[in-house]
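Coordinate-derived values only; no laboratory data. Note that the coordinates shown come from a computational prediction; the quantities given were computed from them, not determined experimentally. Cβ sites come from the backbone with ideal geometry, for glycine too, and all protein chains shown count toward neighbours.
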Amino acid sequence: MDRRAFLISSFGSFAALLPSSGWALPPPIKPKARVIVIGGGMGGATVAKYLRLWGDAVAVTLVERNARYVSSIMSSLVLTGQRTIADLTFGYDTLRNRYGVEVIIDDVSEVDPTRVAVKLTSGKQLTADRIVMAPGIDFENIPGLDDTRMPHAWKAGVQTDLLAKQLGGMPENGVVLLTVPKMPYRCPPGPYERACLIADWIKTTKPRAKLILLDTNPDITVEKDIFTRAFSGPYAKVIEYRNDVEIISADAAQLTLSTNAGPVRGDVINVIPPHRAGALVAASGLIAGSERFVPVDVLSYSSKAAPNIHVIGDSCATTQPKAGHIANQEAKVCADALVRIFAGGQPDPSPVTNSACYSTISRTEATWLNAVFQFDAATRSMVAVPKSLAASQNWTAENFKDMAKWFAALMADTFS
Ligand SMILES: Cc1cc2nc3c(=O)[nH]c(=O)nc-3n(C[C@H](O)[C@H](O)[C@H](O)COP(=O)(O)OP(=O)(O)OC[C@H]3O[C@@H](n4cnc5c(N)ncnc54)[C@H](O)[C@@H]3O)c2cc1C
């Protein structure tokens, strides 16, 4: 399959079947099953929509703490002034009005896996046949880290605007520190592409400045050839890449990070701390010991510890990358499995997902990387199909334009 057909097959099919306007799917009057979805991001919004599309008589309640969702995808372009947070903001009106999802803006404070019930901060309690959790990520603690002085900007919104402002105010010969957390983390190419974007911006706006990329991992974690060429080519005089650097603590007053390789000082410090599943999943007893993400059965994304609770997106532990595109795919596998289960059947025994990923190498050029994952019965995991693995050989302006189309299609499939 060629690349354009691949992208269209990722999202295009169902959108194309729907009438363009005046169409609505009201909530079922006599529901056959009830599902509570926690978190209205890339995974949660998609599973809510597709449960309603595929499960006519399934009542869906989505609980999300923010009235509007800000996409982290594309958010590094806010740092270079090419996008705004407003461009990346999506609401829940279509899920509510078109798909008949009950949307509650509130914070889930407790999940009871045995009763299949949730408590909201407002005091409200809800019960269902199944719960789908998609609360994204939270960060592990780094002693001394102050995210107003050293923003992560890894959950887009105020943090992204803050980092953009700090970059704008940086001295002409300033030093930017950017850290890469240990794997697994959301958007594997993300920190490297952010380094490239900032470096490209530095070259024209503050040519005496530089960026030090402190990678906790032993090596560049993805697209190594591309990023190595970018770091040693157009950004050789701007980016200094250091691997195996663990951040031990931060001193916000001195703008210094203490690392296993000694102290490092910067003028603007973008620390992306190590990730773990959204705090709520750990509090719900779905994670054992030192695990950071929730073990799931990838046929339905049901938690291995609590079968009536399903976990999708960045919070679950699978062999697929932590990415919005994959969260959207996991949501569809989960919605399909639930609809089959409610009808008295079993989940599809051989699900397939796909991942498309673009990395910005400059403010006008990007690369791409594709993979298809298929269920492997022997390991009960999603395994990349070798023939499907494909990547661009270089960064181009055409890829940058395709990236905008891919993003629009992904967000439309999730929120429209
Ligand atoms: C800079 C950057 C660039 C990226 N680029 C790409 C890219 O190019 N392609 C790609 O595929 N992915 C990309 N990603 C990754 C992508 O953003 C995530 O993988 C994706 O958002 C994960 O979806 P999710 O549903 O698991 O979590 P999220 O989208 O983060 O959604 C979680 C939602 O849960 C809500 N929530 C959490 N706890 C509660 C609670 N207790 N009660 C109620 N609501 C709650 C949150 O408010 C949030 O809305 C990028 C990420 C970053 C940071």
> Under the Karplus relation 6.51 cos²θ - 1.76 cosθ + 1.60, θ = phi - 60°, what is the ordered set of whole-Hz ³J(HN,Hα) values for segment 365-374, x standing for Gly and Pro?
Replying inline: 10, 9, 10, 9, 8, 10, 8, 10, 10, 10
> When the distances between all Cα atoms of segment 143-270 are binned every 5 Å from zero, what whole-number percent does each bin get?
Replying inline: 2, 11, 22, 25, 23, 14, 3, 0
> Among 69-81, 43-55, what's the highest-first ranking by average C-beta atoms within 10 angstrom per residue?
Replying inline: 43-55, 69-81
> Over the chain, what is the relative contact order in whole percent, taking alpha-carbon pairs under 8 Å and six or more residues apart?
Replying inline: 18 percent
> Which FRET efficiency value, to the nearest 0.05, do you get for THR364 and ALA236 by plugging their Cβ-Cβ distance into 1/(1 + (r/R0)^6) with R0 = 22 Å?
Replying inline: 0.70
> Could you name the aspartates and glutamates in cross-link range of LYS32, using Cα to Cα under 19 Å and dropping any fewer than eight places away on the same chain?
Replying inline: ASP56, GLU102, ASP129, ASP336
>> Quick check: the distance between the Cα centres of segment 121-144 and segment 337-416, to the nearest angstrom?
In response: 25 Å
> What nm value, rounded to one decimal, do you get for the distance between ALA252 and THR127 when each label is placed 7 Å out toward the C-beta?
Replying inline: 4.4 nm
>> On C-alpha positions alone, give me the angle between the axis of helix 397-415 and the longest principal axis of the chain, in degrees, nearest 10.
In response: 30 degrees
>> Show me the trypsin sites (Lys or Arg not before Pro) within segment 84-172 that DSSP assigns to loop and that have at most 15 other Cβ atoms within 10 Å of their Cβ.
In response: ARG115, LYS124
> Is it possible to state the helix-based mean residue ellipticity at 222 nm for the chain, with each DSSP H run of 4+ residues giving -39500 (n - 2.57), the sum divided by total residues, to the nearest 500 deg cm²/dmol? What is it?
Replying inline: -8500 deg cm²/dmol
> For the pair GLN346 and ALA390, how long in nm is the line joining their label points, each one 7 Å along Cα→Cβ?
Replying inline: 3.4 nm
>> Greater than 31 Å separation of Cα atoms is the criterion. Which listed pairs, LYS182/LYS304; LYS49/LYS155; LYS203/LYS387, meet it?
In response: LYS203/LYS387
>> Could you give the length gained by full extension between ARG149 and ARG65, i.e. 0.36 nm per residue of separation minus their alpha carbon distance, to one decimal place?
In response: 27.7 nm
> Considering only LEU79, PRO207, THR379, whose Cα is most displaced toward the positive end of the charge dipole of the chain, charges sitting on Cβ of Lys, Arg (+1) and Asp, Glu (-1)?
Replying inline: LEU79
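Under 15 Å from the Cβ of ASP267, count the other residues' Cβ atoms, weight Lys and Arg +1, Asp and Glu -1, and hand me the total. Walk me through the numbers on the way to the answer.
On the way: positive: ARG149, LYS165, LYS206, ARG208, LYS210, ARG265; negative: GLU172, GLU240, ASP251.
Overall, the nearby charge balance is +3.
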> How are the Cα pair distances of segment 71-164 distributed, in percent, across 5 Å bins from 0?
Replying inline: 2, 10, 15, 14, 17, 17, 13, 8, 3, 0
>> Helix 3-17 against the longest principal axis of the chain: what's the angle in degrees, Cα atoms only, rounded to the nearest 10?
In response: 40 degrees
> How large is the Kirkwood hydrodynamic radius of the chain, in angstrom, based on all distinct alpha carbon pairs?
Replying inline: 22.1 Å
> According to the square roots a ≥ b ≥ c of the eigenvalues of the Cα gyration tensor, what is the shape class of segment 316-416, taking rounded for a/c under 1.5, prolate for a/b larger than b/c otherwise, and oblate for the remainder?
Replying inline: oblate
